[in-house]
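Visitor: Please see the structure below; I have some questions.
The values are calculated or read from the model by the stated rules, or taken from the named source; none is laboratory data. Keep in mind that this is a model prediction, so the values were computed, not measured. Cβ sites come from the backbone with ideal geometry, for glycine too, and all protein chains shown count toward neighbours. The accessibility values were calculated without ligands, DNA or RNA, using every heavy atom of the protein model including side chains. Shrake-Rupley method; radii C 1.70, N 1.55, O 1.52, S 1.80 Å.
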Amino acid sequence: MVSQHQAQAAELSHAARRAKLREAVFGDKSPPDALLIVGAGNLFYLTGFTGSFGALLLTPDAERFLTGGIYATQAQGEVADIPIIVNPVLKEFGETVAETAQELGVRTLGVENSVSLAWLQGMRKPMRKAKIRLKPVGAPVEKLRRIKDADEIARLRAAARLADATFEHIQRLFQPEIAEWDLAMEIDFYIRRQGAYPAFETIVVSGERTALPHGKPTERRLQRGDFVTVDFGARLNGYCSDLTRTVVIGAASPEQRRLYTAVLDALNRAVDAIRPGVKGKQVDALARQTLEAYGLADYFGHGLGHSIGIAVHDGAGLSFRDKKPLEAGMVLTVEPGVYVPGFGGVRIEQDVLVTADGCELLTHAPVELREFGG
């Protein structure tokens, strides 16, 4: 439960983020008169609103939050520091947005590049009637979200602690004859019992199925000699964690140990390399080079990691596409994996915070090879 002090601190954080956004957008050479934000994640980041339908209208010196009647009461509680406009039941939302912008003297309205074509088509008529031109402004909020502030980092730490606690809780279920589906349900139930939500669809795979990076849990029962991979996260107070661990039921075979050792080596080397100024693609390449030394690079078929925050995949991170230098305040997953068809696979994932001189682990569940049910 969020205390009054925490709510006030969050309110200040939201206002500070809106100030940074104004500086970024309206300080441009040819800025729009106003900016309209409609993406759910961006609305939460800027206002604290947790509903699925709303819009934030920002000018250099004014702001309005618009929503429908279904969220009127909720918005009053979550967006207490911004004037709220509730769209009438029998009126198109676009008309209310256009009228509100017109009242604020807007002639050019900036829109995010993430809005859908259907949304743009729905806004065309009311904006034309109000004589307001829509102007694409790129992704200014997403750029701000790359670097987490103190409030976000505190929430991410809490979500990571819950992921660690969840892994500790489920270890009793790493036993022969436990079904993948039962293990996945226990993960989800435990997270919900702590006042959070699963951050994404929980992955539990075993045996040869661990060669499926995003395999779905089935009624398959764990057997001695199985690899078991669990990949889950908690969404707590709006922010996500993402944790993967691979264990063995019974005694690990020499080949299982070889795969696990390779992935753990790639993980540790990658984490050690993370610091401001290093490019994400360089860290990804280092992990692949490490796996290559074990003859396993061809079995690593995804990026090394991604940004994490309000969304599980919250932007750029650690892949061959990430050419920008890492910056302090970024929070990333590091998740090398090896997937051998017909045999099985290993993935180990940590959540890390980029600091001024390196990085800090946010997840602390054990990463050494664990054998259960022997």
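Visitor: Could you please give the count of residues in the range 302-326 that are more than 11 Å from the chain's Cα centre (by Cα) and open to solvent by 40 Å² or more (accessible area, probe 1.4 Å)?
Guide: Selection size over the range 302-326: 6.
Visitor: Then there's this: Out of curiosity, is Ala251 over 23 Å from the mean Cα position of the chain (by Cα), modelled with pLDDT of 95 or more and assigned to a loop (DSSP other than H, G, I, E, B)?
Guide: It is true that Ala251 is over 23 Å from the mean Cα position of the chain (by Cα), modelled with pLDDT of 95 or more and assigned to a loop (DSSP other than H, G, I, E, B).
Visitor: Could you list, in sequence order, all residues of the range 211-265 that are under 30 Å from Glu78 (Cα atoms), open to solvent by less than 20 Å² (accessible area, probe 1.4 Å) and aliphatic (A, V, I, L, M)?
Guide: Once the filter is applied, which keeps residues that are under 30 Å from Glu78 (Cα atoms), open to solvent by less than 20 Å² (accessible area, probe 1.4 Å) and aliphatic (A, V, I, L, M), the range 211-265 yields Ala234, Leu243.
Visitor: Hey, another quick one. Among the residues in the range 132-143, are any open to solvent by less than 40 Å² (accessible area, probe 1.4 Å), part of a helix (DSSP H, G or I) and closer than 15 Å to Val25 by Cβ?
Guide: Looking through the range 132-143, at least one residue is open to solvent by less than 40 Å² (accessible area, probe 1.4 Å), part of a helix (DSSP H, G or I) and closer than 15 Å to Val25 by Cβ.
Visitor: Right, here's the next one. Just to verify a result, which residue in the range 327-346, among those that are touching a Phe, Trp or Tyr at 6+ places or on another chain (Cβ under 9 Å) and open to solvent by 10 Å² or more (accessible area, probe 1.4 Å), is nearest to Ser253 (Cα to Cα)?
Guide: Going through the qualifying residues, I end up with Phe343.
Visitor: Could you check the range 136-176 and list, in sequence order, the residues that are of a type in the set (Gly, Ala, Ser) and either in contact with a Phe, Trp or Tyr (Cβ under 7 Å, 6 or more places away or on another chain) or within 30 Å of Ser206 (Cα to Cα) (or both)?
Guide: Ala158, Ala159, Ala160, Ala163, Ala165
Visitor: Moving to a separate point now. Would the range 331-348 turn up any residue that is part of a loop (DSSP other than H, G, I, E, B) and more than 19 Å from Thr246 (Cβ to Cβ)?
Guide: no
Visitor: Exactly one of these conditions fails for Gly280: (1) buried (at least 22 other Cβ atoms within 10 Å of the Cβ); (2) farther than 30 Å from His14 by Cβ; (3) touching a residue at least 40 places away in the same chain (Cβ under 8 Å). Give me its number.
Guide: With respect to (1) buried (at least 22 other Cβ atoms within 10 Å of the Cβ); (2) farther than 30 Å from His14 by Cβ; (3) touching a residue at least 40 places away in the same chain (Cβ under 8 Å), Gly280 is out only on (2).
Visitor: On the basis of being at pLDDT 95 or above, over 22 Å from the mean Cα position of the chain (by Cα) and of a type outside the set (Ser, Thr, Tyr), does Gly295 make the cut?
Guide: Here the answer is yes, as Gly295 does meet what is asked.
Visitor: Hand me the list of helices (runs of 4 or more DSSP H) wholly inside the range 1-120 holding 2 or more residues that are within 30 Å of Ala154 (Cα to Cα) and open to solvent by less than 50 Å² (accessible area, probe 1.4 Å).
Guide: Those helices (runs of 4 or more DSSP H) span 4-26, 40-47, 72-78.
Visitor: Return yes or no: is Thr229 of a type in the set (Val, Ile, Thr) and not in a strand (DSSP E or B)?
Guide: When the stated conditions are applied, Thr229 does not pass them.
Visitor: Same structure again: Filter the range 346-365 for residues that are in contact (Cβ under 8 Å) with a residue 24 or more places away in the chain and out of contact with any Asp or Glu (no Cβ under 9 Å at 6 or more places or on another chain) and give the result.
Guide: Those that are in contact (Cβ under 8 Å) with a residue 24 or more places away in the chain and out of contact with any Asp or Glu (no Cβ under 9 Å at 6 or more places or on another chain): Val346, Thr355, Ala356, Asp357.
Visitor: Only one of (1) within 21 Å of His214 (Cα to Cα); (2) touching a residue at least 12 places away in the same chain (Cβ under 8 Å); (3) out of contact with any Phe, Trp or Tyr (no Cβ under 7 Å at 6 or more places or on another chain); (4) assigned to a helix (DSSP H, G or I) fails for Val271. Which number is that?
Guide: (1)
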